[in-house]
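The values are calculated or read from the model by the stated rules, or taken from the named source; none is laboratory data. Source: prediction; values computed, not measured. Neighbour counts are summed over all protein chains in view; Cβ atoms, including those assigned to glycine, are modelled from backbone coordinates with ideal geometry. Just so you know, the surface numbers come from the protein's heavy atoms only, side chains and all, with ligands and any DNA or RNA stripped out. Shrake-Rupley method; radii C 1.70, N 1.55, O 1.52, S 1.80 Å.
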Amino acid sequence: MAKASMSQEEIANEAIKHALKALKKRHLLEVAAHAPAFEALSRPFVSQGSEWKEKAENLQVELQQCYKVQSQLSEQLVVEVAESRVSKALVQEKETAITDMQKELTEVREESSQLNLDLEQKIKELEVVVSENSELKAQLGKMSSKAKNAEAENKMLNDRWMLEKMKDAERLNEANALYEDMIQRLRASGLEQLAKQQVDGIVRRSEEGAEFFLESSIPSTCKYRLNAHEGGCAAILFEYNSSRLITGGQDRSVKVWDTNTGTLSSTLRGCLGSVLDLIITNDNRSVIAASSSNNLYVWDLSSGRVRHTLTGHTDKVCAVDVSKVSSRHVVSASYDRTIKVWDLVKGYCTNTIISHSNCNALSFSMDGETIFSGHVDGNLRLWDIQTGKLLSEVAAHSLAVTSISLSRNGNVVLTSGRDNLHNLFDVHSLEVCGTLRAAGNRVASNWSRSCISPDDNHVAAGSADGSIYIWSISTGDIVSTLKEHTSSVLSCRWNGIGKPLASADKNGIVCLWT
């Protein structure tokens, strides 16, 4: 295009030059043509003077017209030259734009080439992913098949397990029937006193035939200081007619101790949460733990194996008790506002009682038909475990109830509360028959447990300052204050045979007092 534009400009210049040459030539021709006239005019002929003058004027007019045409052509030439320059500038701009577009086209082509390469790479990667996906699908199919087989096998094992449980239940029922038959025979033969002993209206059995106890002594000395659990210990109890102590703590373990030597005898494992409460069946065969994992765990004490895991609560289980008549029935309380009744032979829940306030503590009555429950709202309630009906209710404390203990004769129930009071209630009327308090006594938690001595003469309770206070029930006075713990005491428990007294604190220390 540059060559084309240059040729047009040259053509214009040439045309202008030719036009100028033509004008000059015409002018010369006219001058030559008029030369004779001028010469004639210069001659002194008077007769031709006017004619030549007229011709001269005409020629002068024509000459002026020629000059006008020349001026117009010059102006036209200037305009065309200006237009030519503008056209040249436009051409240069177009050439610059064409150059830029060519560069952009080159860049786009290079980018397109790179994108093609990337596309090919992505296609290859996609093929690899598709291949891996196919392999994973194949593996998933195999795993699904294995899972189905495992599920079928698990179902078969569950069926076998349930069958074995049914067989165990049948054997236990047979054993119970034989035992009842033996008792009837002993009664018929007049040997009833060899099989049982009447103690305060309830029959308690031991290996020798009867539970026994001595008059409780007031402890004064810490015989052993045991580092029982890490993170704290809130649950302790003694075996019936034994010197062995059982403890449960936040380290998810249950431990059995020999209180004569202060040594660890065994450890029960399998609990998946902190142990908040413990109970042992009357035959010393099973230990039951209430746990923060929402479950209860039942161990066979002789083998140390978990016999049952009782599930059904939806929040932490904070209290548990076993019937004083039969080792078969257990009750538990949870922060899901339910109290559940369990059958240990069948291994499942037989009744659920719903309360509008969370329950912190439980205790069976002596007849095994009713239970006492202490709640966060400070009330003491009495329930029928068969129907789940609320039989009675009394405001025991101004703050949460933390502990319930039944006296050995079954006539008095002890409650402790966050109001730092320890109240004694008549079981039949649920009227307060005594209140125990101390200036420095402060209940440490919602599950601080107090206890009544086996002879029903004293009450022991721990305090947040690490002290243990012992009151006389008859006088309501403090008879002893024990100091050994360096942190809040969470639980106290007297051995059923009279001594020792055990206490546990938030640091997991257990003290044995004599």
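Could you check, for segment 314-323, whether at least one of its residues is of a type in the set (Gly, Ala, Ser) and over 28 Å from the mean Cα position of the chain (by Cα)? There is at least one residue in segment 314-323 that is of a type in the set (Gly, Ala, Ser) and over 28 Å from the mean Cα position of the chain (by Cα).
Report yes if some residue within segment 181-199 is open to solvent by less than 100 Å² (accessible area, probe 1.4 Å), at pLDDT below 75, among the hydroxyl-bearing types (Ser, Thr, Tyr) and within 30 Å of Gly347 (Cβ to Cβ); otherwise report no. Among the residues of segment 181-199, not one is open to solvent by less than 100 Å² (accessible area, probe 1.4 Å), at pLDDT below 75, among the hydroxyl-bearing types (Ser, Thr, Tyr) and within 30 Å of Gly347 (Cβ to Cβ), which makes the answer no.
Checking each residue in segment 6-26 for being of a type in the set (Asp, Glu) and open to solvent by 70 Å² or more (accessible area, probe 1.4 Å) picks out Glu10, Glu14. At least 2 residues being of a type in the set (Gly, Ala, Ser) and open to solvent by less than 40 Å² (accessible area, probe 1.4 Å) is the threshold, and among the strands (runs of 3 or more DSSP E) wholly inside segment 247-325 those reaching it are 286-291. Does Gly410 count as touching a Leu at 6+ places or on another chain (Cβ under 7 Å), touching a residue at least 40 places away in the same chain (Cβ under 8 Å) and surrounded by 15 or more Cβ atoms within 10 Å (Cβ to Cβ)? So Gly410 does not fit the description; no.
The set of residues from segment 86-97 being surrounded by 11 or more Cβ atoms within 10 Å (Cβ to Cβ) and either under 60 Å from the mean Cα position of the chain (by Cα) or without any contact (Cβ under 8 Å) to a residue 24 or more places away in the chain (or both) comprises Leu90, Gln92.
Based on what the data block shows, is Ser403 of a type in the set (Ser, Thr, Tyr), more than 39 Å from the chain's Cα centre (by Cα), crowded, with 18+ Cβ neighbours inside 10 Å and closer than 17 Å to Gly374 by Cβ? The answer is no for Ser403.
Determine if segment 443-463 includes at least one residue that is among the β-branched types (Val, Ile, Thr), in a loop (DSSP other than H, G, I, E, B) and under 27 Å from Thr261 (Cβ atoms). No, every residue in segment 443-463 fails to be among the β-branched types (Val, Ile, Thr), in a loop (DSSP other than H, G, I, E, B) and under 27 Å from Thr261 (Cβ atoms).
Filtering segment 425-437 to residues that are farther than 18 Å from Leu362 by Cα and surrounded by 18 or more Cβ atoms within 10 Å (Cβ to Cβ) leaves only Leu436. From the list Val331, Val341, Val413, Val345, the one residue that fits, being part of a strand (DSSP E or B), more than 31 Å from the chain's Cα centre (by Cα) and either farther than 20 Å from Asn423 by Cβ or of a type in the set (Val, Ile, Thr) (or both), is Val413. Pairs are defined by a Cβ separation below 6 Å, a sequence spacing of at least 6 or placement on different chains, a first member in segment 367-378 that is touching a residue at least 40 places away in the same chain (Cβ under 8 Å) and surrounded by fewer than 18 Cβ atoms within 10 Å (Cβ to Cβ), and a second member that is not charged (D, E, K, R) and not in a strand (DSSP E or B); the pairs so defined are Gly368/Ser323; Gly368/Val325.
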